[in-house]
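The values are calculated or read from the model by the stated rules, or taken from the named source; none is laboratory data. What you are looking at is a predicted structure, and each value in this text was computed from that prediction instead of being measured. We place every Cβ from the backbone using ideal geometry, glycine too, and count neighbours over all the protein chains shown.
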Amino acid sequence: MSAPINLYEELELDPGATEEDIRRAFKRLSRRFDPGGLVMYGLYRTPEALRLLARLKEAYNTLMDPEQRRRYDRSLFPKGHPSLRRADERVASRPPPAPRELPRDPLEAIGWPEDARLGGPTLTKVRSMAGIPLEEIAERTKISMFTLRCLESEDYGDLPAKVYLRGFLKQIARMLRLDPERLVRDYLHEYDAWVAEKARRKPW
Amino acid sequence: MAEDQKPPRADVVDPDGQAPAEVDDGVVIETVDEPADEAGELLTPPPMPEDEAPVQAELTVEVAGEEDELDEPEIPSLVGQLPWQEGDGGGPVEIAFAGGKGGAGRSTLVANVGLFLSRLGRDVVLADLDPAGQNLHTFLGMDPILPTPGMRMRSALPPRVDRMPGMNLRLCRPHHALMGADDPLRQQALDVARASGADVIVLDLGVQPDPLALDTFLEADCGVVVTLPEPAAMERTYAFLRAALYRRLLDGDDEPAVVSRALLTADHVGQLDTPAELIDALAGVHPNAAQAIRARVLAFAPKILVNRCGNRADRDLAAGICSALRRRWNINAEALGGIDADDTALESLRRRRPLVVEYPGSALARDIERLTRRLMALVGTREVRP
């Protein structure tokens, strides 16, 4: 009887929800159930309200990761949910071919040396290995095609400010099953070096 | 249009009070004296004829000036099609407004929803059961009762029922203006309203979660809590709903309630925090009681309305409250949305004229019409009993 139930119900969504639906629902609900907000006053004590938020966050993280979501869906609807099937058809009807499943360790699959730094070329390689077109990344992450191209070719001069880069890189890493922290660290290390070099050459 | 406006039932008490056919003995049926103040001209009936239809037609013509095109196509289709007319035999439909905070606009809504229902051809009785003091007459432009010392002594004085001139609407209220929480006079007024033979009773229960208000709210076909987008009102709203839910679950002499009370008494550390946890605990010791309590929780379906909204977040608040209530208590609360803040409410009250009569074209009047139609649809199906 105790309240939710499954991750979709937690986010008040239909199992056929798109990533955009999930993103919106999470944003709306975390605002709605803000422990200091109107809705919670007189109904929830603060610790319980925080627990509710944590559950929302967990549902969001699971459903936004394509691989985790697939596994979760399979456990939730072993025979396939009607709306899920509809969502599959929607994906399948898109012009680009369906991406191959990502291997558990994409770096190993593309033969990337273990201690080599991750950067733009890594992204390009993993992407082409898995057959994921840039358009799909752009659609899922809402990052522009131009920025994605610059990220992959490491055209630092055309990239947005560093604060945005961090978030972009994390999102892409999650999609490609790379370690987000490692990608951000390696990529921004090079980026910082480039910025410093630029400043040294043209201090004015 | 005049034909369609005819009162749909034959057993309506005559407006002049000479044939209180269905009302219990001793009930005073009075017509309001012609209001002497400036508010009178629209509400004062033309010399009351034998049958009501022409009066209603005239009034409608007068009132509908600004919204002719709004009402005309819909009224005929509604009359006679409402589910409770088709022999469900359950007596009048009850719509109860309660809870929230004082000043949330409950009385404005009760008065104007009642007027709209009556305009849509229903025979309506409004019951003023607010223990904090009667006010509905003011919102309707009717006269207050000014109790004489003698009246105060006669506690057995039956409730007073007044017909609103020219409308198929009656106001039922206890004679005493000062009433305590357990006042038997309120119960009497409720009984009289229920026995009035009306199609619809709209109840103003006030904000106090006293037993009469809670029971009436729980028994109503549709129980609406009116609240405001501010923390104090939110707190009072949850307090009222909590009191109603606990009353439904725990206050009876039946087995599930007795078992639950015993369990809660034994729970010294207060571990059981929500109905869900109570049910889980019950399931171990008394599965039948657990099942019954679960059914009662699921059957509790209050309606939430947020009044005086100022922005989109306010208008979304009712949905947020319902979603939080579902998560916290597992109840099926239903959002009735938001009504925007509007000066016309205060302005019409100052003139002591009903809002939907004084400002029929205002945004607020339209919101109230929408609300009324939504409520009619809700009470049309019996499963939505709160």
Exercise for the section: Return a yes/no flag: does region B:130-142 have any residue that is at pLDDT 90 or above and either in contact with a Cys (Cβ under 9 Å, 6 or more places away or on another chain) or surrounded by fewer than 18 Cβ atoms within 10 Å (Cβ to Cβ) (or both). Expected result: yes
Handout entry: Candidate set: region B:307-325, residues that are out of contact with any helix residue (DSSP H, G or I) (no Cβ under 8 Å at 6 or more places or on another chain) and of a type in the set (Gly, Ala, Ser); chosen: the one surrounded by the most Cβ atoms within 10 Å (Cβ to Cβ)
Key = B:Ala318
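Can you name every residue in region A:136-167 that is in a helix (DSSP H, G or I) and among the basic types (Lys, Arg)? Before the answer, list the steps.
If we filter region A:136-167 for residues that are in a helix (DSSP H, G or I), which is where we start, we get A:136-141, A:145-153, A:156-158, A:162-167.
Listed by number, the residues that qualify are A:Arg140, A:Arg149, A:Lys162, A:Arg166.
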Problem - Residue ranges of helices (runs of 4 or more DSSP H) in region B:244-325 with at least 1 members at pLDDT below 95, within 12 Å of chain A (Cβ to nearest Cβ) and farther than 22 Å from B:Leu218 by Cβ - result: B:275-285, B:312-315
Handout entry: Number of the condition not met by A:Tyr60 [criteria: (1) modelled with pLDDT of 95 or more; (2) in contact with a Gly (Cβ under 9 Å, 6 or more places away or on another chain)]
Key = (2)
Exercise for the section: Would you point out which residue out of B:Ala189, B:Ala233 is modelled with pLDDT of 95 or more, assigned to a helix (DSSP H, G or I) and out of contact with any helix residue (DSSP H, G or I) (no Cβ under 9 Å at 6 or more places or on another chain)? Expected result: B:Ala233
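More than 11 Å from chain B (Cβ to nearest Cβ), in contact (Cβ under 8 Å) with a residue 12 or more places away in the chain and touching a Pro at 6+ places or on another chain (Cβ under 7 Å), is that true of A:Leu50?
Against the criterion (more than 11 Å from chain B (Cβ to nearest Cβ), in contact (Cβ under 8 Å) with a residue 12 or more places away in the chain and touching a Pro at 6+ places or on another chain (Cβ under 7 Å)), A:Leu50 qualifies.
Take the residues of region B:326-364 that are within 14 Å of chain A (Cβ to nearest Cβ) and in contact (Cβ under 8 Å) with a residue 24 or more places away in the chain: which is surrounded by the most Cβ atoms within 10 Å (Cβ to Cβ)? So that I can check it myself, show each step before the final result.
So the first thing to find is which residues in region B:326-364 are within 14 Å of chain A (Cβ to nearest Cβ), and the list is B:326-333, B:335, B:338.
Filter once more, so that each one left must be in contact (Cβ under 8 Å) with a residue 24 or more places away in the chain: B:328-333, B:335, B:338.
Values: B:Arg328: 21, B:Trp329: 20, B:Asn330: 18, B:Ile331: 22, B:Asn332: 16, B:Ala333: 21, B:Ala335: 18, B:Gly338: 24.
Within region B:326-364, the match that is surrounded by the most Cβ atoms within 10 Å (Cβ to Cβ) is B:Gly338.
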Handout entry: Hits in region B:217-230 - residues which are assigned to a helix (DSSP H, G or I) and either within 9 Å of chain A (Cβ to nearest Cβ) or surrounded by fewer than 22 Cβ atoms within 10 Å (Cβ to Cβ) (or both)
Key = B:Leu218, B:Glu219
Practice task
For A:Ser75, work out the one condition from (1) at pLDDT below 90; (2) within 14 Å of chain B (Cβ to nearest Cβ); (3) farther than 30 Å from B:Arg242 by Cβ it doesn't fulfil.
Solution key: (2)
Fill in the blank from the handout: Matching residues in region A:1-40 (within 12 Å of chain B (Cβ to nearest Cβ), of a type in the set (Asp, Glu) and surrounded by fewer than 16 Cβ atoms within 10 Å (Cβ to Cβ)) number 2
Handout entry: Hey, B:Gly197 more than 14 Å from every other protein chain (Cβ to nearest Cβ), in contact with a helix residue (DSSP H, G or I) (Cβ under 8 Å, 6 or more places away or on another chain), small (Gly, Ala, Ser) and under 30 Å from B:Leu126 (Cα atoms) or not
Key = no
